[in-house]
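Read through the structure below, which is laid out as structure tokens, and then see the notes.
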Amino acid sequence: MVAVPSLFSLRHLLVLSLALNVSLILRALYNESGEGNRWWFCFKKKKMADAESWLAISSTSSLRNSTREKVINLDHGDPTMYERFWRQMGDKTTITIPGWQSMSYLSDVSKICWFLEPEFATEVVRLHRVVGNAVTEGRHIVVGTGSSQLILAALYALSSPHAAEPISVVSAAPYYSSYPSMADYQKSGLYQWAGDAESFDKEGPYIELVTSPNNPDGYRRKSMVNRSQGLLIHDLAYYWPQYTPISSPSDHDLTLFTASKTTGHAGMRIGWALVKDKEVAKKMTKFIELNTIGVSKDSQLRAAKVLKAVSESCEQENHQNQNGESFFKYSYNLMAQRWKQLREVVDAGDMFTLPQFSPAFCTFFGKETEPQPAFMWLKCEGDVEDCETFLRGHKILTRSGRQFGASPKYVRISMLDTDETFIQLLERLSAIQELE
């Protein structure tokens, strides 16, 4: 047998083999038209896609877990659901206020409410005329820092400083949860909270707060006491077509409205009162003068711009000159969709119940509509005696029925939050029903 020369030892053969393999790999990597490069590219692409898919699944899973752990706070009626509409409006409600404008305390000294901006007063009258929900003729407009200040101003104006004892303030349960604290917070010698109007039997003068549609349950309300010495304050914050059918213009001695629930602009802190009696309007104005020396002119001017945009959207829609929906049609459709989704979730189980409403003819829309309140008045059925505590255990913050003079089996939950929060609420309620 011929001997293999020592030049071709096993070590040399291994080195030669390694060199050939490296050469082939390098050729595959740098040869763009070669099959090897295409295979390498596809291999790398598949590995990257697998990694991205794993990250996406991991991220989605983490997001779902964090959503389930998130606390949903719907104790307050913060009307952020309207933000999408106003974003779509662009610059139509943008105002520019020069540094020299609105420097004086005074607005129109010829009016009883001397800090009322004429432009705002004009738009208030216009909006009520467009919607048809309040009589403004023969009324004095008093502007306030939200309707909360106006409620206090009205209580002050209707009370007598010479009375032997504070006048009683009542409202039918379930009543707005802030009424008791508003009446008693300052421990005024002029008025004091006297509870549920239906059980009020004290003789003598009284003030009844009539909220219609009612906060929290959404039903239309009338005075419950009906005695000759009664003085009425009608809180009509929700008497707008997205919440309830407009049956006729309200025609009361003292009526309150607020921008927060009308257009969603809670941060402007603007409300207004329509007051028939001149002396009552004077006393309300005096209260606000002593309390805050008027109301922000900047807020009034912004509110005027917003109310003008709302009225114009309605007028243009009626004349079919507008591409989009009017503010109230948009809001009505959104509320209708939310109430439909809510009822589907609640009706899918036996854990919760909701109030039932009857449709009525709405003069604004020219058709029958159903009430769809700004709050749900939810009742926990079965063995749950404290609905607020029960839902808090599921990370849903609500306001207990106790605060409204009602059973703790009820809670009030806002319907006016963002779409994201509302969807999370529906998912959470649905999950609770499945668990129970």
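The values are calculated or read from the model by the stated rules, or taken from the named source; none is laboratory data. What you are looking at is a predicted structure, and each value in this text was computed from that prediction instead of being measured. Cβ atoms come from the backbone with ideal geometry, glycine included; neighbour counts cover every protein chain shown. These accessible areas exclude ligands, DNA and RNA; they are computed on the full protein's heavy atoms, side chains included. Shrake-Rupley method; radii C 1.70, N 1.55, O 1.52, S 1.80 Å.
Summary table below
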read-out	value
Selection from Ala281, Gln242, Val225 lying farthest towards where the dipole of the range 202-285 points positive, charges on Cβ	Ala281
Of Gly401, Ile432, Cys387, farthest towards positive along the dipole that unit charges on Lys, Arg, Asp, Glu beta carbons give the range 359-436	Gly401
Modelled FRET efficiency - R0 45 Å, Thr389 with Lys92, Cβ distances, 0.05 increments	0.50
Mean Cβ neighbour count within 10 Å, used as a protection proxy, ranking 171-180, 148-157, 277-286 highest first	148-157, 171-180, 277-286
For Leu397, distant residues with modelled amide H under 5 Å away	Ile72, Asn73, Leu74
Solvent-accessible area, 1.4 Å probe, carbon plus sulfur percent, for the range 106-315	49 percent
Whole-number accessible area per residue in Å² for the range 292-436, which is evaluated in the context of all protein chains at 1.4 Å	46 Å²
Local net charge near Gln88, Cβ-Cβ under 15 Å (Lys/Arg +1, Asp/Glu -1)	-2
Theoretical FRET efficiency, 1/(1+(r/R0)^6), r = Cβ-Cβ of Lys222 and Glu69, R0 56 Å, to 0.05	0.80
Count of lysine pairs in the range 310-436 with Cα separation under 30 Å (8 or more residues apart, or interchain)	10
